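Single-structure report; data block below.
Nothing in this text is a laboratory measurement; each read-out follows from the coordinates by a stated rule. Values in this document were obtained by computation on a predicted structure and should not be read as measured data. When we count neighbours, we look across all protein chains shown, and the Cβ atoms used for this are built from the backbone with ideal geometry, even at glycine.
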Amino acid sequence: MTDHIKTAAEAEEAAALPRAVAIRTEDGDPGIEDEPLPAAMSATPPERKSPARWAYERLALYIRKFEEGLDEDHEAAIAITGSGGDLMRIRGIGYFDPDIVTFYGMDPRGIRAQLIQHVSQLGVMLRAIPKAKPDAPPKRIGFRLTGTLDGDVAAEAAEKDGPA
């Protein structure tokens, strides 16, 4: 039995809201699927965003959540498929409308790297790897990426980490 009869507007709004579900085999921290979207991200409906922008915004949330679970000795990296299993320390991501997402970073040898992918080919594996400089604070990009999605600039996190 329904506790609340929805108006046509409420039903249409609920149908338009993005949904995410994750089932895990082990107890642990909830994923981004269990949290509401940032207000600024929800302001524009997904159907009015380019595929690249929509992918970028969700990737930013996943990276931030992944970094929240890292200790001070590890940083986020992505495994680059089709390259023999190379890793890239994430130093930034971006998008180019309508359908390109790009990752900026450094390979394990410290060589500058950039991965450019069409959203239809997007497959990202986040990995926790030891920091490049053991005595330096870990680089965290997730809070910077989601600063605009949260409606603010994550200047405090950026200042703490230093330049990317």
Original post:
Mind checking which residues of region 91-147 are assigned to a loop (DSSP other than H, G, I, E, B) and either touching a His at 6+ places or on another chain (Cβ under 8 Å) or among the basic types (Lys, Arg) (or both)?
Top reply: 99, 109, 131, 133, 138, 139, 140
**OP:** Name every residue in region 27-42 that is surrounded by 11 or more Cβ atoms within 10 Å (Cβ to Cβ) and small (Gly, Ala, Ser), in order of residue number.
**Re:** 31, 40, 42
Original post:
How many of the residues in region 49-90 are in a strand (DSSP E or B) and surrounded by 16 or more Cβ atoms within 10 Å (Cβ to Cβ)?
Top reply: 8
